[in-house]
Amino acid sequence: MPSLPRPTAELTADEARRIALRAQGFLGAPDRRAGVRGVLRHLGAVQLDTISVLARSHELIAYARLGAIGRKAVDAAYWTPSPAGPAAPSPHAFEYWSHAACILPIEEWPHFAFRRRAYRSRPHWSHALPDGAYDQVIKQLRAEGPLTATELGGAKRTSEWWDWSGTKVAVERALMYGEVVCVERHGWKRVYDLAERAVPSDLLHDELEDSECLRRLVRLAGQSLGVGTRADIADYHRLKGEQVDAVIADSGLVPVTVEGWGRPAWADPAALAAPPRGRHRTTLLSPFDSLIWERARTERIFGFTHRLEAYVPKPKRVYGYFAMPVLAGGRLVGRVDPAREGSTLVAKQVTLEDPRAVPSVAQALLEAASWVNCTHVRVERVAAPALREPLIRELARSLD
C-alpha cells in the first residue's frame, strides 16, 4: 500500500456504526418519494440471487429500507423504462457484474468500461464458445429484438444448472463484453438486447480510462458505505486492492481513524458533515444485503458473524438454510430462518443474541409476514429454548 495521508477525523466505533447505517439507508426517515429507484441509486448496486424464500433478494433490499411496499412495484421500479416521449423509452437500470450479479443504475454504464475491457481480453473461460454461436446470437437479437435465452434457442443442454447451451454461453459472453445488455427480466429470466439499442446514446461508450472508472466506483463505494477500510471499499464493487490504492487519494474520500478497527479507513466527507440522527429500521435482512456483504466488516462493526448456509450440507448448518439477520436499534440482534406454508410465515429457527431482542424479532416477523401476505406466524425452534414462549407471547400480543 502507498503511504497514507494523515487522518482528517477520529471516529468512535459507535459513530462509525451509525454512519454506516445511515449510508445504507437504515437510519433516518426513508425517502419514499424516491422509492425503489432511489434506493438503487443510493446503494449503487443491488445484488441478485436465485434463492427465493420470503422473496427474491433484490425485493428484500428495497423492503428492508422502505417497508412493506408492493412486491410487483419493486420489480417494476427496477425494470420498467421511463414512458415513451419524443425519444425511445429510457431504462433506469441494467444488470452487470459488480459485487456479484447486480442491478446497477443505468448512468453507471460508462464506469464499467474497465471491466468490459478486462473481459474482452480474458484468455480463459469456464465455458467453451462454439464456433459461430456468438455471431448468430448478435444476428438474431438484431433481427428479432429483445429475447430471453430460451427464445434465443435454449439456455441449457441438460437439466444441470451449469450445463449451458452454446447459445447461452454466447449471449452471456456478449453481455460481459458489453455488446449485449440486460435491462429487464421476465420473471427470473434475463431479457437480452443489443446495448446499442437499449442503452441511452449519451451513455453508450467505453471512452473512460480505467483510472476514471475506478475513481468513480471507489467514490461510490465510500458514499454507500459511509466509512470503510481499503478492503471494505474494494469489496463493494469487487475491485482489487491495488486498484483502490491507485485512485483513492483522488476519489474525494477522506482518511479517518476508527476506534478499534486497527487499520486505516476512508469516509465520505458528506457523512462526516452532519451527525447521523433519526429512527432506526427494525427489519429482516437478506443475507445478500449490502449492509452485510463483507463478513469481516460485519464482525468489526456489529460484532456479528454472518454466513449464508444455503450451500452448507444440512447436518452442518448452525443457523438455517436462509438465516436472515434481524436489524433493530442499529444492531444485529438475532437471526430468523424463514419459510412460507400457505398463509403462514414459519420461523423454522430463531437465534437471539439477547433476550431483550424478543420484541424486535416479533416486530420484524410480523411486518415481513404482512408484506408477503401471510396472516399467521408460527415459531418452530428457538436456539435458546427458554425464549420460545416469550417470543410466541410477544407475537400474539402484537396481533391482538
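The values are calculated or read from the model by the stated rules, or taken from the named source; none is laboratory data. The structure displayed is predicted, hence computed values, not measured ones. When we count neighbours, we look across all protein chains shown, and the Cβ atoms used for this are built from the backbone with ideal geometry, even at glycine. Ligands, DNA and RNA are stripped out before the accessible areas are found, and what is left, the full protein with its side chains, is counted by its heavy atoms. Shrake-Rupley method; radii C 1.70, N 1.55, O 1.52, S 1.80 Å.
Quick one: 3J(HN,Hα) in Hz for the range 110-125, Karplus 6.51/-1.76/1.60 with θ = phi - 60°, rounded, Gly and Pro as x.
Whole-Hz 3J(HN,Hα) from phi for the range 110-125: x, 7, 9, 4, 4, 6, 4, 4, 5, 5, 5, 9, 5, x, 10, 9.
Dipole size in debye (nearest 20) for the range 279-339 around its Cα centre, Lys and Arg Cβ +1, Asp and Glu Cβ -1?
Values: 11 positive and 5 negative charges, 21 e Å.
Once rounded to the nearest 20, the dipole reads 100 debye.
So for TYR321, TYR78, TYR311, what's the accessible-area order with a 1.4 Å probe, most first? Mind showing how you got there, number by number?
Details: TYR321 85, TYR78 5, TYR311 160 Å².
Per-residue accessible area, sorted high to low, gives TYR311, TYR321, TYR78.
With +1 on the Cβ of every Lys and Arg and -1 on the Cβ of every Asp and Glu, and nothing else charged, how large is the dipole of the chain about its Cα centre, in debye rounded to the nearest 20?
Working: 54 positive and 47 negative charges, 200 e Å.
Using only the charged Cβ atoms, the result is roughly 960 debye.
Once the dipole of the chain is set up with Lys and Arg at +1 and Asp and Glu at -1 on Cβ about the Cα centre, which of GLY153, LEU220, ILE61 lies farthest towards its positive end?
ILE61
Assuming a strict under-17 Å limit between Cα atoms, what lysine pair count do you get for the chain once near-sequence pairs (fewer than 8 apart, same chain) are dropped?
Details: LYS72/LYS189; LYS139/LYS168; LYS156/LYS168; LYS156/LYS189; LYS168/LYS189; LYS314/LYS348; LYS316/LYS348.
For the chain, the number of qualifying lysine pairs is 7.
With all protein chains present and a 1.4 Å probe, how do LYS72, LYS348 order by accessible area, largest first? Please list the in-between numbers first.
Details: LYS72 180, LYS348 90 Å².
The ordering from most to least exposed comes out as LYS72, LYS348.
Pairs of Cα atoms under 8 Å, at least six residues apart: use those to get the relative contact order of the chain, whole percent.
Numbers: 702 pairs, mean separation 71.4, N = 400.
RCO, the chain: 18 percent.
If you roll a 1.4 angstrom probe over the protein chains with everything in place, what fraction of the accessible area of the chain belongs to carbon and sulfur, to the nearest %?
51 percent
Tell me which of ALA45, PRO390, VAL379 sits at the most positive position along the dipole axis of the chain, charges placed on C-beta atoms (Lys, Arg +1; Asp, Glu -1).
Working it through, the farthest residue towards the positive pole turns out to be PRO390.
Would you please name the chymotrypsin sites (Phe, Trp or Tyr not before Pro) within the range 91-197 that are DSSP coil residues with at most 15 other C-beta atoms within 10 Å of their C-beta? Display every interim value, and only then the final one.
Details: sites: PHE94, TYR96, TRP97, PHE112, PHE114, TYR119, TRP125, TYR134, TRP161, TRP162, TRP164, TYR177, TRP188, TYR192; in loops: TRP125, TRP161, TRP162, TRP188.
Answer by residue number: TRP125, TRP161, TRP162, TRP188.
About its Cα centre, what dipole magnitude does the range 222-349 give when the only charges are +1 on Lys and Arg Cβ and -1 on Asp and Glu Cβ, stated in debye to the nearest 20? Present the calculation step by step, with values, prior to reporting the outcome.
Details: 18 positive and 13 negative charges, 121 e Å.
Value, rounded to 20: 580 debye.
I'd like to check one number: the per residue accessible area of the chain, probe 1.4 Å, reported in Å² as a whole number. Spell out each step's value before the answer.
Working: 18510 Å² over 400 residues.
With all protein chains present, the chain gives 46 Å² per residue.
Say a site is exposed when it is one of the GluC sites (Glu not before Pro), sits in a DSSP loop, and has at most 12 other Cβ atoms within 10 Å; what is then the longest site-free stretch of the chain? All intermediate terms of the calculation are to be shown ahead of the outcome.
On the way: sites that count: GLU160, GLU207, GLU209, GLU259.
Longest stretch, sites excluded: 1-159.
Given a cut-off of under 8 Å on Cα pairs at least six residues apart, what relative contact order in percent is computed for the range 306-351? Don't skip to the end; give the middle numbers.
Values: 72 pairs, mean separation 12.8, N = 46.
Rounded, it is 28 percent for the range 306-351.
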